[in-house]
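Pasting a structure here, questions to come.
Rule-based calculations on the coordinates, nothing more; no lab input. Remember, it's a predicted structure, so these values are computed and weren't measured experimentally. Here the Cβ positions follow ideal geometry from the backbone for every residue, glycine too, while neighbour counts run over all protein chains shown.
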Amino acid sequence: MFLPDDRFATLVAFLEGGNQLTNGDLLRGFNEWVQERLHGPDYQSSLHWSAEIAESVAGRARKGLSMPEAQEEQAKELLLDALDGFLAANPRSAAVDD
């Protein structure tokens, strides 16, 4: 995949764009899946999955999805690992209807 830059926020925007193309099917349930993996099954939050991942790496001190370069790399790795795990566990979410 090609992205215009290597920021975490750009990767999030790319994934959300793909999700919109599938009418939300691609990432349906991803928010809850990420929250459960990061915090356990009883955790509930209204934060978007991207904010949950950013906060797990950079803490609450981050500004939006911006963070120092080392934390950007950690957040991108965590996001891609989470996405791989989610799609493997939910193969129907990766299917796109014609």
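Mind jotting down a quarter of the surface of the convex hull over the alpha carbons of the range 1-42, in square nanometres, one decimal?
Here the figure is 3.7 nm², rounded to one decimal.
Follow-up. Starting from the exponent 0.38 and prefactor 2.2 Å, build the expected Rg for the chain from its residue count and divide its actual Cα Rg by it. Intermediate results must be reported in sequence, preceding the final value.
On the way: Rg = 13.4 Å, N = 98, 2.2 N^0.38 = 12.6 Å.
Here the Cα radius of gyration is 1.06 times the empirical estimate.
So how far apart, in nm, are the two label points at GLU77 and ASP25 if each is 7 Å from Cα heading toward Cβ?
Distance between the two pseudo-spin positions: 3.4 nm.
Another question, if that's okay. I need the phi-derived Karplus couplings for the range 68-82: 6.51 cos²θ - 1.76 cosθ + 1.60, θ = phi - 60°, integer Hz, Gly and Pro marked x.
x, 4, 4, 6, 4, 4, 4, 5, 5, 4, 4, 4, 5, 5, 5
Now for a different question. Is it possible to state the helix-based mean residue ellipticity at 222 nm for the chain, with each DSSP H run of 4+ residues giving -39500 (n - 2.57), the sum divided by total residues, to the nearest 500 deg cm²/dmol? What is it?
So the calculated ellipticity at 222 nm is -18500 deg cm²/dmol.
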